[in-house]
Amino acid sequence: MPRFLYRCPVCCTTSPLCPTAKAADAEGSTHRGQLHAGHHPDGETVGEVNRRGQWYATLGPLAGPRSRLADALIDARDPDGMGRPFWADVAADAILAGGSAAALWVTSTVLTALPGLT
Ligand SMILES: [Zn+2]
C-alpha cells in the first residue's frame, strides 16, 4: 500500500500517513490554510515514504529499489502496517543479488559466444 506524507519545514511538522498523494496534498492544503493563511511555505514536501517512514526520494539509487522491493514483499502479507521485518530485507537482498548474478551470467555468456571475442 502506498504511503504518503506532507511535510512543512516552517512548522517542522509532518502529516499523518495518507494512502494517496492526493490525500497528502489535501493535508497540506488544510495545514496551509489553518497555519499559513494559504501561503505555500518554502521547501514544503509531499512524497511517498517506505514502511519505515523514510522518503523514497531521499534514498539512493540502490537503497530505493531495495526498499520498494522489501516493502512490496511485506505489503503482500500486511498491506496496512508499518515497519519491516528482517526477513523482508533478506528476501529483497536475495532477489536483487540473484537478478544481478543472472544478468552477469547472461552477459558473459553472450559475450563469450560472439565470434571474434575469444
Ligand atoms: Zn506549517
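What the table below lists for this structure:
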item: Average Cα contact separation per residue, the stretch 1-49, under 8 Å, 6 or more apart, as relative contact order %; result: 48
item: Ellipticity estimate at 222 nm from DSSP helix runs (n ≥ 4, -39,500 (n - 2.57)) divided over the chain, nearest 500; result: -16000 deg cm²/dmol
item: Sites matching trypsin sites (Lys or Arg not before Pro) across the stretch 22-67 that sit in DSSP coil, with at most 12 neighbouring C-beta atoms within 10 Å; result: Arg52
item: Helix axis angle, 21-35 relative to the chain longest principal axis, alpha carbon, degrees; result: 30
item: Using alpha-carbon coordinates, inclination of helix 86-113 to the longest axis of the chain, degrees; result: 40
item: Folded to 0 to 90 degrees: helix 63-75 orientation relative to the chain principal axis, Cα; result: 80
item: For the chain: relative contact order, % (alpha-carbon pairs under 8 angstrom, 6 or more apart); result: 20
item: Which of Asp42, Asp93, Asp75 has the fewest Cβ neighbours within 10 Å, and the rest in rising order; result: Asp42, Asp93, Asp75
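Every number here is computed from the coordinates shown, using simple stated rules; none is lab data. From a predicted model like this one, the values you see are computed outputs, not experimental measurements. Methodologically, a virtual Cβ is constructed for each residue, glycine included, from the backbone with ideal geometry; neighbour enumeration extends over all protein chains shown.
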